[in-house]
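One structure below.
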Amino acid sequence: MATINKPQLKVAAFRRFLSVVLLTLLGVLLLIFLLGTNSTSNFVSPPLDDIDEVSYTNSHLREKLGFPEQSKLSIKLEKRNQLPPRNIDLYPNLAKDHITIVLYVHNRPQYLRVVVESLSQVVGISDTLLIVSHDGYFEEMNKIVEGIKFCQVKQIFAPYSPHLFPNSFPGVSPNDCKDKEDAAKQHCEGNPDQYGNHRSPKIVSLKHHWWWMMNTVWDGLKETRGHSGHILFIEEDHFIFPNAYRNLQILTELKPYKCPDCYAANLAPWDVNSRGEQWDGLIAERMGNVGYSFNQTIWRKIHRKAREFCFFDEYNWDITMWATVYPSFGGSVYSLRGPRTSAVHFGKCGLHQGQAENKACIDNGMVKIDVQEIDRIANIKSQWQVQVSKNQAGYKAGFKGWGGWGDERDHKLCLNFARMYHAIDTASTF
């Protein structure tokens, strides 16, 4: 029988030990990898009751400004706003020249599904960040957004949405005046608009949400504050064509030298019923409200007009901009776009009709948009000339507004949104 000397036994034992160590290390690394993957790609925002530990910023400043006392739900949603975007593991790096997309929504899930599906087909969507801004908290809307897997996505919730305050301002207060009641005679609270009507919380939330969102995106979120490029804004009833993102990138590159006086770039004509001129040329026209984008420089000009925006008796944000803010800039406010639309407004019912109007909002529960092959690829050419559309119809300086925005409490809250991310002495000019 052969004999094995001691040195050989030691070598064999060492090799076995080394094999065990290597296998153990590989197992640990694999476990770490799997845990990391599960914690990110399958990441769902924690339940509202589980996010108390998230830091709560700017509360001292809001207290000094006199914001309404927040409900528990309002506070939890504001904490949730500070969570990082989802899907970072799937799309770890945003493109250097990416254009952030902000989708603002209320409670029309049948519309939101259509928009999300259209966005999933957009060429280049995985290069950018999608921010979804919610006016109120609605579980079905939340679930739809949490199911998005085609890009980085971040949700934010307007913490002072009237829909979060069922028994106090900015929601309905027990002592609020209603309709055309006389505050002195009825001993109720509120200021009527120019037509004698008192505020309706579900109506004023339109303007409040848009203004809160703009201030938060440009000045509040760490993901976007200081962003020098354009940001695209769309609504839950805007169908986005596959070529929209690439077309917008071309427009924003051409704007400085094709139309240096243009304030913005649009995906669609100002006239929401138009699909474009279909010619070989660019158009500069009044800024539309479907698929519009602008940069930090333009936001600063808008932000400085907070008083004009907040005191104009008009509950629609876009009419407020057309009738008072843009005219205050002292010249025409043009937006550059292509000759063929890359976004379509398909809404049939108002923003705050919600789920109860499902059947009326979408024919047979479906939206049929004619997307042709030319709409699937970038179709804007750098050699095209620009035609300027002047003297267009629509709301402009001199229009007195449709009302709905006469309550002094709404004016104050609106101004405070413009101040909430700035030092008080800096914002005192409003």
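The values are calculated or read from the model by the stated rules, or taken from the named source; none is laboratory data. For clarity, every value in this text was computed on a predicted model and none was experimentally measured. Every residue, glycine as well, gets a Cβ built from its backbone with ideal geometry; the counts of neighbours run over all protein chains shown. All accessible areas refer to the heavy atoms of the entire protein, side chains included, with ligands and DNA or RNA removed. Shrake-Rupley method; radii C 1.70, N 1.55, O 1.52, S 1.80 Å.
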**Report entry** Members of the range 260-303 that are among the charged types (D, E, K, R) and farther than 28 Å from Gly226 by Cα
**Finding:** Asp271, Arg275, Glu277, Asp280
Query raised in the report: If Ile374 passes every condition in (1) modelled with pLDDT of 95 or more; (2) open to solvent by 40 Å² or more (accessible area, probe 1.4 Å); (3) over 30 Å from Pro159 (Cβ atoms) but one, which one does it miss?
Result: (1)
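Output the residue which, of all residues in the range 180-212 that are without any contact (Cβ under 8 Å) to a residue 24 or more places away in the chain and part of a helix (DSSP H, G or I), is least open to solvent (accessible area, probe 1.4 Å).
Taking the range 180-212 first, the residues without any contact (Cβ under 8 Å) to a residue 24 or more places away in the chain are 180-189, 196.
Remaining after also requiring part of a helix (DSSP H, G or I): 183-186.
Numbers: Ala183: 37, Ala184: 76, Lys185: 160, Gln186: 109 Å².
The extreme case among them is Ala183.
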Query raised in the report: Out of all the residues in the range 276-297, is one or more of a type outside the set (A, V, I, L, M) and more than 28 Å from Phe346 (Cα to Cα)?
Result: yes
Query raised in the report: Is it the case that the range 183-194 has a residue that's touching a Leu at 6+ places or on another chain (Cβ under 8 Å) and either of a type in the set (A, V, I, L, M) or closer than 14 Å to His411 by Cα (or both)?
Result: no
**Report entry** Flag if Thr216 is surrounded by 19 or more Cβ atoms within 10 Å (Cβ to Cβ), at pLDDT 95 or above, closer than 19 Å to Val388 by Cβ and not hydrophobic (A, V, I, L, M, F, W, C)
**Finding:** no
Query raised in the report: Just a yes or no: is a residue in the range 339-351 polar (S, T, N, Q), open to solvent by less than 10 Å² (accessible area, probe 1.4 Å), farther than 25 Å from Arg409 by Cα and in a loop (DSSP other than H, G, I, E, B)?
Result: yes
Query raised in the report: Only one of (1) over 22 Å from Tyr104 (Cα atoms); (2) within 21 Å of the chain's Cα centre (by Cα) is not met by Trp317, so which one is it?
Result: (1)
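Can you go through Arg304, Arg275, Arg286 and tell me which one is open to solvent by 10 Å² or more (accessible area, probe 1.4 Å) and within 23 Å of Glu373 (Cβ to Cβ)? Walk me through how you get there before you give the answer.
Details: Arg304 fails: within 23 Å of Glu373 (Cβ to Cβ); Arg286 fails: within 23 Å of Glu373 (Cβ to Cβ).
Exactly one of Arg304, Arg275, Arg286 is open to solvent by 10 Å² or more (accessible area, probe 1.4 Å) and within 23 Å of Glu373 (Cβ to Cβ), namely Arg275.
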Query raised in the report: If His230 satisfies every condition in (1) open to solvent by 30 Å² or more (accessible area, probe 1.4 Å); (2) touching a residue at least 40 places away in the same chain (Cβ under 8 Å) but one, which is the exception?
Result: (1)
Query raised in the report: Which residue out of Ile156, Ile148 is surrounded by fewer than 22 Cβ atoms within 10 Å (Cβ to Cβ) and under 16 Å from the mean Cα position of the chain (by Cα)?
Result: Ile148
Query raised in the report: touching a residue at least 60 places away in the same chain (Cβ under 8 Å), over 30 Å from His411 (Cβ atoms) and not small (Gly, Ala, Ser) - does that describe any residue in the range 284-300?
Result: yes
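Taking the range 376-419 as the search range and keeping residues that are more than 26 Å from Tyr245 (Cβ to Cβ) and aliphatic (A, V, I, L, M), which one is nearest to the chain's Cα centre (by Cα)? Walk me through it before giving the result.
Keep residues of the range 376-419 that are more than 26 Å from Tyr245 (Cβ to Cβ), which gives 390-419.
Filter once more, so that each one left must be aliphatic (A, V, I, L, M): 393, 397, 413, 415, 418.
Working: Ala393: 28, Ala397: 27, Leu413: 20, Leu415: 20, Ala418: 17 Å.
It comes out as Ala418.
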Requested in this report: Just need a number here: residues in the range 405-420 that are among the charged types (D, E, K, R), open to solvent by less than 10 Å² (accessible area, probe 1.4 Å) and in a helix (DSSP H, G or I).
Outcome: 1
Query - Failed condition for Phe311, given (1) surrounded by fewer than 19 Cβ atoms within 10 Å (Cβ to Cβ); (2) within 22 Å of the chain's Cα centre (by Cα) - result: (2)
Query raised in the report: Taking the range 233-249 as the region of interest, how many residues are closer than 21 Å to Tyr160 by Cα, of a type in the set (Phe, Trp, Tyr) and either open to solvent by 10 Å² or more (accessible area, probe 1.4 Å) or touching a Lys or Arg at 6+ places or on another chain (Cβ under 7 Å) (or both)?
Result: 0
Query raised in the report: Filtering the range 81-113 down to residues that are among the hydrophobic types (A, V, I, L, M, F, W, C) and over 24 Å from Ser228 (Cα atoms), which residue is most open to solvent (accessible area, probe 1.4 Å)?
Result: Leu90
